[in-house]
Amino acid sequence: MRTTGTYIAITLAAVVADFIVKRLVENYFVMHEVVDILPFLAIFRTNNTGIAFSMFDWVDDRWLIAVPFAIILLVLWLAHRTGQDQWIARLGFALIIGGAIGNLIDRIALGHVIDYVLFHVGDWSFAIFNLADAFITIGAGLVLLQEYADWRKGAERRT
């Protein structure tokens, strides 16, 4: 079984990785510069003044700090309620918390979040995001995967 310390280490690793990559992007890429990595992937440094793909950029900064903080507390509570055998969900919660803390650090220190990953096909592009956003998304996927696995186990027991 994985210990709470393991999940704390994963959360801290996510925060540190996100912090390092954002500082590298901040120091070595010019704002709005496009650097193609692959035909569909580029580095495009920008500042996100909103939440999730720059939505709600008109909202007062205090809310942009309070809401993610409240979400972190909610996810911590959910993680605490998760069984030790539900390690996939616990890993997901650790990644969600790490990503949320990473973005919250930027929001508090800079007043915005540094985004830099751009998926595109020709002129069409997906929203610009960062490593913390990827951790949050992957974490949510893992929590859903655990829920599905638990549902399947329950369905097998009922038949």
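The values are calculated or read from the model by the stated rules, or taken from the named source; none is laboratory data. Nothing here was measured: the structure is a model prediction, and the numbers come from that model. Positions of Cβ are backbone-derived with ideal geometry, glycine not excepted, and every protein chain shown enters the neighbour counts. Only protein heavy atoms, including side chains, enter the accessible area calculation; ligands, DNA and RNA are left aside. Shrake-Rupley method; radii C 1.70, N 1.55, O 1.52, S 1.80 Å.
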- request: Report, by residue number, each residue of segment 77-136 that is farther than 16 Å from VAL15 by Cα, in a helix (DSSP H, G or I), charged (D, E, K, R) and touching a residue at least 40 places away in the same chain (Cβ under 8 Å).
  value: ARG90
- prompt: Within segment 112-159, which residues are hydrophobic (A, V, I, L, M, F, W, C), within 25 Å of VAL35 (Cα to Cα), out of contact with any Gly (no Cβ under 8 Å at 6 or more places or on another chain) and open to solvent by less than 90 Å² (accessible area, probe 1.4 Å)?
  reply: VAL113, ILE114, VAL117, LEU118, PHE119, ALA127, ILE128, PHE129
query: Which ones in segment 74-111 are more than 13 Å from the chain's Cα centre (by Cα), open to solvent by 50 Å² or more (accessible area, probe 1.4 Å) and not aromatic (Phe, Trp, Tyr)?
result: LEU74, LEU76, LEU78, HIS80, ARG81, GLN84, ASP85, ILE108, ALA109, LEU110
- request: Among the numbered conditions (1) in contact with a helix residue (DSSP H, G or I) (Cβ under 9 Å, 6 or more places away or on another chain); (2) under 29 Å from LEU24 (Cα atoms); (3) not acidic (Asp, Glu), tell me where SER125 comes up short.
  value: (1)
- prompt: Consider VAL25 against the criteria (1) β-branched (Val, Ile, Thr); (2) within 18 Å of ALA140 (Cβ to Cβ); (3) at pLDDT 95 or above: it satisfies all of them except one. Which criterion is unmet?
  reply: (2)
